[in-house]
1. Order B:D110, E:D223, most accessible first, counting only protein heavy atoms with a 1.4 angstrom probe.
2. Name the long-range amide H neighbours of A:D219: under 5 Å, sequence gap of 5 or more, or other chain; modelled H, no Pro or chain starts.
3. Ignoring everything but the protein chains, give the 1.4 Å probe accessible area of A:T230 in square angstrom, nearest 10.
4. For the pairing of chain A with chain B, what total accessible surface becomes buried, with a 1.4 angstrom probe, in square angstrom to the nearest 100?
5. With only Lys, Arg, Asp and Glu charged, each at its Cβ (+1 for the first two, -1 for the last two), find how big the charge dipole of the protein assembly as shown is about the Cα centre; round to the nearest 20 debye.
6. Roughly how many debye, to the nearest 20, is the charge dipole of segment C:13-135 about its Cα centre, given +1 on each Lys and Arg Cβ, -1 on each Asp and Glu Cβ, and no other charges?
7. If you keep only loop residues by DSSP, which GluC sites (Glu not before Pro) in segment D:216-309 have at most 13 other Cβ atoms within 10 Å of their Cβ?
8. Quick one: buried accessible area between E and B, total over both chains, 1.4 angstrom probe, nearest 100 Å²?
Amino acid sequence: MQRIGVFVCHCGTNIAATVDVKTVAEALGHEPGVVISQDYQYMCSESGQNLVKNAIKEHNLTGVVVCSCSPRMHENTFRKAAASAGLNPYLVEIANIREQCSWIHKDIASATEKAIILGKAAVAKVHLNAPLTAGESPVAKRALVIGGGIAGIQTALDIAEAGFEVDIVEKNPTIGGKMAQIDKTFPTLDCAACILTPKMVEASQNEKITIHSFSEVTDVKGFVGNFTVTIKKKARFVDETKCTGCGLCTEKCPMKKVPNEFNMGLDNRTAIYIPFAQAVPKVATIDPNYCMMMKTGKCGVCSKVCSVGAIDYKQEDKFIEQKYGAIVVATGFNPIKLDKYDEFAYNQCPDVVTSLELERLMNAAGPNGGTLLRPSDKTHPHKIVFVQCVGSRCDDSKGKPYCSKICCMYTAKHAMLIREKYPDTEVYVFYIDVRTPGKNFDEFYRRAVEQYNVHYIKGMVGKVTPRSDGKIDVQASDLLANEQLHIDADMVVLAAAIEPDKTARPLATMLTTQMDTNDFFTEAHPKLRPVESATAGIFLSGACQGPKDIPETVAQASAAAAKAIGLLVKDSITCNPCVAHSDELMCNGCSSCEKVCPYGAITYTDKEFKMPDRTIAVRRVASVNPAVCQGCGACTVACPSGAMDLNGFSNSQIMAEVDAICK
Amino acid sequence: MNKNLKEQVIRSSGVNVLKCMRCGKCSGTCPSYDEMEYHPHQFVYMVERGDIETLMNSKSIYKCLTCFACVDRCPRNVEPAKVVEAVRLAAVRQQGNNHMNPNQIPEMLDDDLPQQAIVTAFRKYIK
Amino acid sequence: MQVNENKEFQPLIVAFCCNWCSYAGADLSGTNRLNYPSNVKIIRVPCSCRVNPMFILRAFQRGADGVILCGCHPGDCHYTSGNYFTRRRMTLLFSMLDFLGIERDRTRVEWVSAAEGAKFAATMNEFTEAVKKLGPNRRLEDLRCRKQ
Amino acid sequence: MQEAMINRAKQLLADGTVDRVIGWKRGEFAYDITPAVFRSAEELDADFVFDDFTSANVSKYLVKESKKEGKILAFLKPCDTYSFNQLTKEHRVVRENVYIIGIPGGPKLDAEKIKAKGITGILGVKNENYTLKIETVYGEETMPYYEAVLDKCASCKSKKHVVFDELIGDDGEVLESNRFEMVEKLENMTAQERFDFWRDQLSKCIRCNACRNVCPACTCEKCVFDNPNSGVENKAPADSFEENMFHIIRAFHVAGRCTDCGECSRVCPQNIPLHLLNRKFIKDINSLYGEYQAGEDTTSRAPLNDYKQDDCEASIVHERGVE
Amino acid sequence: METFTYYPGCTLRTKAKDLDTYARSSAEALGIALEEPADWQCCGGAYTTAKDEIATKLSAVRTLNSAKEMNRPLITVCSACHNVIKQTNYDIANDEEMASKVNNYLKLDEPYSGETTVYHYLEMLRDVVGFDNLAQKVVDPFKGKKIAAYYGCLLLRPSKALAMDDPENPTIMEDFIKAIGGTPVIYAQRNECCGGYITLEDKAQASKRSRAVMDSAQDQGADMMITACPLCLYNLKKNSGSELPVYYFTELLAEALGLKEGNNE
């Protein structure tokens, strides 16, 4: 026989002003199984909770219904109170009579009537509640970091520092990411390579860190504490364990006309290559699209010159599987393609470049050895125009709706560096707003204007017309002078918007994490949980979550590492007991449930059943791994026989609620 | 500030001037900029402020080539040319405010001039 | 619901709301004090994909005049894909009910995020009005469950 | 054909390939052909029947039979192979325990249609140039052949065997059928007309469960309608709601799994066109989610266990057709 | 032979006969039949974007509706007509209020709501004939000729409504030039306005703009320029002061197909 207690909260006047709480308590007191029905000013207060606890003990309650605010608010509070009084916490149900009743209805009579109905539904449900025990599942003491840019490197170093194993998966042949391509960093103007490459080396030498370069994540199974990840190690046709990175093969390779992606295609590399001198791992990679040996079977020069015999033209993709307790996403960003904005003539003129291309043009390891020369004729530019916000801050169809955040500062940096190194070069920056929030940022921008005499013009370039004499006519508005300008520029630099890497979206699907419409990963809470995803055990590091500069990226990377470490130090984690379970006697073994399960929580086994005629039949039946199941219930509807049901939200519980509401 | 005129121009153009982020790209791309007293970005801003009559009385409204460069290149989809058109219509719709007089036309003609030029002028400047 | 000759017909609306988006959206419309009719009674489910067509038929059987199912927007499901299955299931179920001559406006699926309190209230107002226009559910009712 | 089938079955029994055969035997009347299991050449010679009235789909029997020891020979018509494949996909039959011989399909005849012409005492039939000669205890009668064909055969979707170990006779092609005509006709009615049509039909239901029992997709270990814990347990319809409920849920449970074999309507003693409910789902699935034929293969995802990010919204129901 | 409804427009009947006759003869040679609707009117030359301007949109709608009744796509060749008709069609299809106002005026048997597909002649060459097919039919290719395509403003913008090609990086005319054997010249001013509309009113501005266009093309080494617009052709020839020859694209098409002599009465 059920002994149910009902507790109706006034929430001060929040509920009591529109719902006649006494009437509600009175009415619910008459429901079958209800042995006590009380109202109280603040049920969530300590004395309110004591009321519940005492009633549980005094009346030996088998179920509790609290009519109060949303269960999203205080369900846990009352569950804990029940547990401390010796009642299984899952025998507590909440009727939401505040957010979904008193706050939205004005008429006391109808609000009270509705509150009673909601209370009745909760009583009907609690009749069918079963005590549930939360299980525990172990935590694999290893972290995976996806992406080997500065974000991934920092996260990996911090996790390794705490004593846990970390694997970095990087899709390119080397770690380092975008920061490796950058020349100097703002606002200090120290050289990016000088601060990044020691970290790259540190990562490669840390014995807790394993770097899977030229690799991709192809499959993720499991759940927090217990992910199983498949990593594809793409064939690089060079044995990583043998290659010493001497670089002789890259010198001798006869195929020298391969666009060099590290230098943004501004110069060429060989078919076998090491992206840059400080690459980690410093191992050669063969580009099969260009390698003569791979294409025609004739060449083999690299193989001949390699003294350690590392070249292997027959190498194939390798797949490795590894268990992880936590996963950190650090997939980073890319500048957008500029095809849509050809009023800036990016496709028509080699001297119209993106800011990242300019980084390479100015970098000592870049195509011109650090001397700024025009890509078209290798002459010194004397007038350079920078255009801000290309593809950022746009209306829907026109580009990215967000501010790319880093462009104002790197443009100031570029302008300053150019003026510093080539004082005879005039620099114009067309801006909409100059956005420099950050320590020492505005001071930096002011220095560009005041000390380096960079011409900042409030306005926008509207048309770029390359001319045959090598000059580029830049037509733009100067809003403060109320003039339309024509500048005969030698180079135009476009601050292209940045967007998340294209690999992020399929990865999000694999990880069952959420993304916004711009393909940035969504954090669990925009203010209070900024480095966690909504999926437990998945953390976010760097620009994959939103545009960020280097210091912010590193800060977030360390924060993500801290969160991951917080998980990895635990030996086990408590699971949600509201999970699906299958009644083997009714299961058809048809696999429908398995097909709709987003977590791969359902497996099948052949089981022997005693039949009524005493024979033994072997049947294929489903079983749910309660540690993997997250309790969505998709399987319960896919199951035609109704063998699959969900704890806490069972078929009969929901139907009881329906019945109570419709009574 | 003329509220009625402002509302009329906004309704007639179908443009939401509040979307403008004041980048000035419309004026940066406008081929008629130098011929205009008020420039495309000013049209948008002045309509937002309700300063319509100043625009109606300016020759600028007849200098727009309706080439839609500002419409296509505006990062915010504001469509300044439609604002110019709406102001011009507000002007020529007023009695006796036709910008062109049919009597003037013959002296403008030459043998090769396509009549599309005349049709267009009538369409744009006369009510 | 009470069908009183003298009173305006008040439909009974059952709303299934997923815990992560729509139920939170409903809470938000409460927090913002956005009114919608008390005819609407919400049942919390973990995900819209937990809603079995049998629940919907059951609601009609027991006297509901309209059933609405709310979930996270496609792509935003807390469980990644639950609402995609919901969408197919409900499309086919509603199509079948329509095929059997049950009024279309008695059933609805709406995606309401946790941030869309206003949308939740507006949707409930709209849906209640639409069902009110149809009058009591007669084509899919269980006479034994009809109230006096 | 019957003889070829018997001969081949005997060979397979003799060489030990199979130890039993599922086929058909005659019941009380000439047209009353039901599935049966044969264990010897003698039994085959005595009772095995395959004629114009042999329309029953034996796939469902294999759910149990294929789990028994030894291998069983099954003769499957093209439509039956779809059912068999679907059962394989759902792990309901053990493919390795069944030796399948594909045999030509219909059209098969509907004894009810012959009887409706006032012809009784049927002993046998012969098709001569599309005139059906019916031998009866009262002498020979004739009627146009196509007027006697089963509805499900008249709108046959495929003459192709999608699974078999060997064939007797030739394999056919997937056909262009007009099977959605009636569904379309109903869709074009007003809601009231549709309601009246279905009320008229479904009110005839006596819940004999013949549709459920014959349906090769209805193989649940325990049906929700028989399960007191399901919340919808229901042995006999007490009112119109329950008549509707049973058929909606049944159609929904087989949606995306129904191969459109038409057996439900064939066996309905009340002649309720139940297959229209299934076809409505099939038609919706085809038009909304892409062509899908259940049972065509054993690997594809069933439409209700699948999704696309850009699937239509449920509101499409409100946007199309007649209210 | 595929048949399309063909709208020549007023100027093609008078000052731009060449544009029309070459378009017709070439189409015939390419297996396309062009049929004029019986009762077309001048499109108005310029599209009024104002939402409260209804009367000025009616003639274009009548043409679109004739094409709808003939149940065929509508082909235009003059850039201005194309722009007006396509913008009208776009707005009718996307602006319900405007559509209902227009239909109130017109009182058609069945309201027009943007059903007609509108092609520019160039789009027909690209999407119906195919530039590869066209290239095979060329008998007299423009070998070695550096030809500048002039889009002007009307063919590409507003891109939402015109949707013919990428508004900043168009290729349709360049592909056409390649098909007839010439070498396209890319120059930045190809999609800028020549100032044609203002030629009656402000010669100086028209001449400044047309000069900028011609200079940009000449600067990139063009031998000649092609256009689809009678007003552009007039303005570029008359007001730019440039010597660079300007032709209708249909004239070069006819010449490449070997049709020019026969048609030059």
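1. Numbers: B:D110 45, E:D223 70 Å².
Greatest to least solvent exposure: E:D223, B:D110.
2. Amide H neighbours of A:D219: A:T230.
3. Counting only protein heavy atoms, the figure is 30 Å².
4. Working: alone 30120 and 7810 Å², together 36190 Å².
For chain A against chain B, roughly 1700 Å² becomes buried.
5. 2680
6. 300
7. For GluC sites (Glu not before Pro) across segment D:216-309 that sit outside H, G, I, E and B with at most 13 neighbouring Cβ atoms in 10 Å, the list reads D:E233, D:E291.
8. When E and B are taken together, about 3900 Å² of accessible area is lost.
The values are calculated or read from the model by the stated rules, or taken from the named source; none is laboratory data. Source: prediction; values computed, not measured. In this analysis, Cβ positions are derived from the backbone assuming ideal geometry, glycine residues included, and neighbour counts consider all displayed protein chains. These accessible areas exclude ligands, DNA and RNA; they are computed on the full protein's heavy atoms, side chains included. Shrake-Rupley method; radii C 1.70, N 1.55, O 1.52, S 1.80 Å.
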